[in-house]
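Participant: Can you keep this structure in mind? I'll have questions shortly.
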Amino acid sequence: MITILGAGLAGLSCSYYLGHDNCIVFERNAHAGGHIHSQQRNGVVWDEGPHISFTRNPYVRELFEQSVQGDVREIPVRVGNYYHGHWIPHPAQSNLCAVPEPLRTECLDAFLATRRSAEEPHAPANYQQWLDQAFGPTFAARFPRAYTEKYWTVPPEALATDWVGQRVYYPDEDTVIQGYHGPQDRSTHYIRTARYPSRGGYRAFASALLEGAPVRLQTAVIGIDLRRREIQLADGTVHPYQQLINTLPLPEFVRMIPTAPPRVQEAADALQCSSLLLVNITARNVATHPFHWFYVYDRDKFATRVHHVDRLSPHNAPAGTTGVQVEVYASRARPFTRSHEAIAATVVRELIEMGVIEHCDSVHTQFIPWANVIFDHARREAQDTILSWLADQGLAREPDDLEPMTDWDQALPSPRGSIALAGRFAQWKYFWTDDCVLRGRQLAGLPTRTAGG
């Protein structure tokens, strides 16, 4: 019997592909789904943070479509940016025509000077250097630096660059110049179309995984004995296991193991992750801007990313009602200094100032303690310390287990020792929903390639 800790998407995927009859899943919440849980409030469907699917992987697309019996919406998404009263198509670096002067020309001049410099560019030592080389120092300081401090909660100098990959658009000269002189004739964002369930919120995409899943809800794990292969539950019972798949955050997992030596506990403490406060607002008027979601670069605003849930499906909100979900981030590097209620009230005023809503009918908040892994300079060494120790306890190390992302076209079936890790927080990776599904396939020895079987 395989024991799985956590009934989020990764845990459900592991159970599904390994066989629900072969697994038992412990979940401390009263619902399964983890970060893809959806709930209805004030007539609006709220996902646990913005979720859409834009995967190219045929297995994930088929699974999600099967989950909703084909009732899926294919949406040509429009993404924007808000900067001091100006609306700029996303990504802003290739749409400088919408940036106000003289900043627009200053950004282009600094970009071209950087790209045409006679000096050979050096390998960036941190994310700030990467930004300067990619966009020029003027644009980097006004836009991505400001957003990095709000979203990642640390300055870009504190971040490594191994997580960037294709997540941040690196434009060529011609694209930037064209975007300076006028609107682009095509989107340069990596998301051009997205898929979303017509009904039930994003959680509906997990229906196939959930059907028949052996989940024990409201069952919290408080201790793990790796030598005896036993789990202690909050109700006082002890559960023996043969194989253990953990999807709980890696630092939490380590802290549940009393035999973890001090150096491993210290490594767990060194891993940084942001927290997320969702401010969910309903209003009767519909926003006049055209975007499904947009990024806010103003440093003096709590709002970081703003998402219109009603634009993903007409069944997400009653007719004439808009549901606006606003993300506000914190971490131990930048903790909240005001109450959630005070932040929500300020966010409402910010949206009114930006012209997103004219008034607020209702507002509620949801706090998510684990949001984004922060890929700082200490992360790789700390993670390696933990995984190396776990390898002595039964974890099978993998060639890419320190890499922020997995190349599923190259990934091999993962060996399973007595311990395995799955999902964003357990593997401490920059995973999205398709990654979590594919990790279950990988642990089951099934193919994960983008194309073909």
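Participant: When the residues of the range 97-126 are filtered to those that are touching a Lys or Arg at 6+ places or on another chain (Cβ under 9 Å) and crowded, with 22+ Cβ neighbours inside 10 Å, which remaining residue is nearest to residue 188 (Cα to Cα)?
Facilitator: 99
Rundown of residues vs (1) among the aromatic types (Phe, Trp, Tyr); (2) within 26 Å of residue 127 (Cα to Cα), yes/no style:
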{"site": "359", "(1), (2)": "no, no"}
{"site": "362", "(1), (2)": "no, no"}
{"site": "367", "(1), (2)": "yes, no"}
{"site": "401", "(1), (2)": "no, yes"}
{"site": "413", "(1), (2)": "no, no"}
{"site": "434", "(1), (2)": "no, yes"}
{"site": "446", "(1), (2)": "no, no"}
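Participant: What residue, among those in the range 358-381 that are assigned to a helix (DSSP H, G or I) and within 21 Å of the chain's Cα centre (by Cα), is farthest from residue 157 (Cα to Cα)?
Facilitator: Restricting attention to the range 358-381, the residues satisfying the condition of being assigned to a helix (DSSP H, G or I) are 379-381.
Subsequent filtering for residues that are within 21 Å of the chain's Cα centre (by Cα) retains 379-380.
On the way: 379: 14, 380: 16 Å.
Within the range 358-381, the match that is farthest from residue 157 (Cα to Cα) is 380.
Participant: Can you pull out every residue in the range 259-298 that is within 13 Å of residue 310 (Cα to Cα) and buried (at least 18 other Cβ atoms within 10 Å of the Cβ)?
Facilitator: Our first condition is that a residue be within 13 Å of residue 310 (Cα to Cα); within the range 259-298, this holds for 280-287, 290-293.
Across the range 259-298, the qualifying residues are 280, 281, 282, 283, 287, 291, 292, 293.
Participant: With (1) surrounded by fewer than 17 Cβ atoms within 10 Å (Cβ to Cβ); (2) at pLDDT 95 or above as the list, and residue 58 as the residue in question, which single condition is left unmet?
Facilitator: (2)
Participant: Further, regarding this structure: Kindly indicate the residue of the range 281-295 that is touching a Lys or Arg at 6+ places or on another chain (Cβ under 7 Å) and part of a strand (DSSP E or B) and also nearest to residue 45 (Cα to Cα) among those meeting that condition. Break it down stepwise before answering.
Facilitator: Within the range 281-295, the first condition is being touching a Lys or Arg at 6+ places or on another chain (Cβ under 7 Å), and the residues that meet it are 290-293, 295.
Among the residues that remain, those that are also part of a strand (DSSP E or B) are: 293, 295.
Numbers: 293: 16, 295: 21 Å.
Among residues in the range 281-295 that are touching a Lys or Arg at 6+ places or on another chain (Cβ under 7 Å) and part of a strand (DSSP E or B), the one nearest to residue 45 (Cα to Cα) is 293.
Participant: Anything in the range 62-84 that is surrounded by fewer than 16 Cβ atoms within 10 Å (Cβ to Cβ) and touching a residue at least 40 places away in the same chain (Cβ under 8 Å)? List them, or say none. Show your work before the answer.
Facilitator: At the first step, the residues of the range 62-84 found to be surrounded by fewer than 16 Cβ atoms within 10 Å (Cβ to Cβ) are 62, 66, 69-71, 74, 76, 84.
Scanning the range 62-84 gives 66, 71, 74, 76, 84.
Participant: Considering only residues of the range 299-320 that are assigned to a loop (DSSP other than H, G, I, E, B) and surrounded by 18 or more Cβ atoms within 10 Å (Cβ to Cβ), which is nearest to the chain's Cα centre (by Cα)?
Facilitator: Filtering the range 299-320 for residues that are assigned to a loop (DSSP other than H, G, I, E, B) and surrounded by 18 or more Cβ atoms within 10 Å (Cβ to Cβ), the one nearest to the chain's Cα centre (by Cα) comes out as 304.
Participant: Quickly run through the range 58-99 and pick out the residues that are closer than 25 Å to residue 447 by Cβ, aliphatic (A, V, I, L, M) and in a loop (DSSP other than H, G, I, E, B).
Facilitator: 68
Participant: Oh, and also: Please state which one of 319, 283 is free of Cβ contacts under 8 Å to residues at least 60 places away in the same chain and more than 29 Å from residue 142 (Cα to Cα). Spell out how you get there, then give the answer.
Facilitator: Numbers: 283 fails: free of Cβ contacts under 8 Å to residues at least 60 places away in the same chain.
Selected residue: 319, the only one of 319, 283 that is free of Cβ contacts under 8 Å to residues at least 60 places away in the same chain and more than 29 Å from residue 142 (Cα to Cα).
Participant: Restricting to the range 155-214, and then to whatever is free of Cβ contacts under 8 Å to residues at least 40 places away in the same chain, farther than 20 Å from residue 438 by Cβ and surrounded by fewer than 16 Cβ atoms within 10 Å (Cβ to Cβ), can you tell me which residue is farthest from the chain's Cα centre (by Cα)?
Facilitator: Among those that are free of Cβ contacts under 8 Å to residues at least 40 places away in the same chain, farther than 20 Å from residue 438 by Cβ and surrounded by fewer than 16 Cβ atoms within 10 Å (Cβ to Cβ), it is 174.
Participant: Please give the helices (runs of 4 or more DSSP H) falling wholly within the range 143-245 in which 3 or more residues are at pLDDT below 95.
Facilitator: Working: elements: 144-151, 173-181, 207-210.
Result: 173-181.
Participant: Would you be able to tell me the number of residues in the range 47-67 that are within 30 Å of residue 303 (Cα to Cα) and among the β-branched types (Val, Ile, Thr)? Let's see the steps before the verdict.
Facilitator: So in the range 47-67, the residues within 30 Å of residue 303 (Cα to Cα) come out as 47-55.
Filter once more, keeping what is among the β-branched types (Val, Ile, Thr): 52, 55.
Number satisfying all stated conditions: 2.
Participant: Could you list all residues from the range 115-129 that are modelled with pLDDT of 95 or more and outside any loop (DSSP other than H, G, I, E, B)?
Facilitator: 127, 128, 129
Participant: Is it the case, given these coordinates, that residue 355 is more than 23 Å from the chain's Cα centre (by Cα), touching a residue at least 40 places away in the same chain (Cβ under 8 Å) and on the phi > 0 side of the Ramachandran plot? Break it down into steps so the answer makes sense when it comes.
Facilitator: Working: more than 23 Å from the chain's Cα centre (by Cα): yes; touching a residue at least 40 places away in the same chain (Cβ under 8 Å): yes; on the phi > 0 side of the Ramachandran plot: yes.
Judged against the criteria, residue 355 is a match.
Participant: Could you list, ordered by first residue, the pairs with Cβ atoms under 7 Å in which the first is in the range 11-25 and farther than 15 Å from residue 442 by Cβ and the second is small (Gly, Ala, Ser) and surrounded by fewer than 22 Cβ atoms within 10 Å (Cβ to Cβ), at least 6 apart or interchain?
Facilitator: Within 7 Å, the pairs are 20/212; 20/213; 25/213.
The values are calculated or read from the model by the stated rules, or taken from the named source; none is laboratory data. Computed from a predicted structure; not experimentally measured. Here Cβ is always computed from backbone atoms with ideal geometry, including for glycine, and neighbour counts include all displayed protein chains.
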